[in-house]
Amino acid sequence: MKSRDELHQELRQTILSLPGVTERQNAGIHEDAFFIGRTMFMHIHGRGHCDIRLSKDDQEHVLAVGKARPHGWAPEAGYVTFIVEGEENLKPAMDLIRMSHHYFAGKQSVLRTGHQQHQKGS
């Protein structure tokens, strides 16, 4: 059985293995904040308390089927909360994190593509 610290480190390393992800520790009130470009797509408070930002549709679906808890402070921004309490929670947490990553990486790609096309057309 892994300790909370070991689970936290495994979670961090898995998140950091996603394409284009960077981490900023102690970013504001967040101990571990993860970004795609300049967009924070999730952060971890303490050991295992994950706040994950989703599209509005994904947020509604995840909450409706009980895969995450409502976020206490910023639900309007698309955040949900998932607590990693043991090894069995790593996969469901990463499913939500990958959903967020896919959404925000796609938005970054659209923004870069639109910016490049604008520059070419200028």
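The numbers here are math on the coordinates, done by the rules we state, and not lab data. Since the model is a prediction, treat every value here as computed from it, not as a measurement.
Per-structure values
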item	result
Rounded, prolate or oblate (a/c below 1.5 giving rounded, otherwise prolate when a/b exceeds b/c) for the range 1-65 by Cα gyration tensor	oblate
Hz values of 3J(HN,Hα) by residue in the range 55-66 - Karplus curve (6.51, -1.76, 1.60), Gly and Pro given as x	5, 4, 5, 5, 4, 4, 5, 4, 5, 4, 8, x
Shape parameters for the range 58-111, alpha-carbon atoms, Rg then Dmax in Å	12.0, 37
